[in-house]
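Visitor: One structure follows; several queries about it will come next.
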């Protein structure tokens, strides 16, 4: 597919989502160009991100449910052993990092790690295979292949990564209010880090404390989502650039980069999971 397009068109095509949204002159429709996708704005839906993220989530749930039903106390199979290893690894990290008593955190951490890992893992599929298949299907249905977009790595879409991180943010607020009460949560935002015994000075410091603490609070989900997006988007872009090189250079560079990228894929899933555990642990602390 790279040979049929200019380099800039090829890169832009691979970095454009299959988008459904509203255009004032055409109404609700699927975007035919990157410009139309951009013009659809915030209300647009990235159909490919939804398709692959939900599909991988179903795969994760189905696989773990199947193994759980067939689990045996005897000698486990390879798949059961691998899943037990993942569960034990997540459980030990939650026990070491989470200071609260919630039964939700460990399943949440397991879901985050495995789901993000599977989404990241899609980055190792050769860059043109599935997009070319989507274009062939689109052409068979009468669409212009150059207007058919398909990004298969959901974690390269900031809507997905920020959606997950803001879901974690909601849990942070929930646990903060649950453990400290609404007054304690408000006090945490307004009475720290600066405090004073004089009531007047204490009142004067409230706006300053609120600004500092609110920025710290809102920075957690933003940094959590953008960190995952930035690392995965950069990796995807490198694969796209390698695909533009001569065939011999593609093999010489893509294989080492893919091997290294396996570490990136796993590390980013682990970092997202660990920061989620730490943030929820901080939200559950009542010492202050």
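Each value in this text was obtained by applying a stated rule to the coordinates, not by laboratory testing. Everything numeric in this text was worked out from a predicted model, so none of it was measured. Neighbour counts are summed over all protein chains in view; Cβ atoms, including those assigned to glycine, are modelled from backbone coordinates with ideal geometry.
Visitor: GNM, the chain, Cα, under 10 Å: largest mean-square fluctuation among 89, 270, 149?
Guide: 89
Visitor: May I ask you to compute the full-extension gain from residue 223 to residue 144, defined as 0.36 nm times their residue separation minus their alpha-carbon distance, rounded to one decimal in nm?
Guide: 24.6 nm is the gain from fully extending residue 223 to residue 144.
Visitor: Ok, one more. To the nearest 10 degrees, how steeply does helix 105-121 sit against the main Cα axis of the chain, on a 0 to 90 scale?
Guide: Tilt relative to the chain: about 20 degrees.
Visitor: Most fluctuating residue of 277, 259, 90 in a GNM of the chain with Cα springs under 10 Å: which is it?
Guide: Fluctuation is largest for 259.
Visitor: A follow-up question, please. Using a 10 angstrom cutoff on alpha carbons, build the Gaussian network for the chain and name the most mobile of 34, 196, 109.
Guide: In the Gaussian network model the winner is 196.
Visitor: Fewest to most neighbouring Cβ within 10 Å: what's the order for 128, 157?
Guide: Ranked by crowding around the Cβ, least crowded first: 128, 157.
Visitor: Output needed: percent of Cα pairs per 5 Å distance bin for the range 118-187, bins running from 0 to the one holding the longest distance.
Guide: 4, 14, 14, 12, 12, 10, 7, 7, 6, 6, 5, 3, 0
Visitor: Given contacts defined as C-alpha pairs under 8 Å and at least six residues apart, what's the relative contact order of the range 2-284, whole-number percent?
Guide: So the answer I get is 24 percent.
Visitor: I've got another one for you. Show that you can apply the helix-only estimate: for the chain, add -39,500 (n - 2.57) for every DSSP H stretch of four or more residues, divide by all residues, and state [θ] at 222 nm to the nearest 500.
Guide: -24500 deg cm²/dmol
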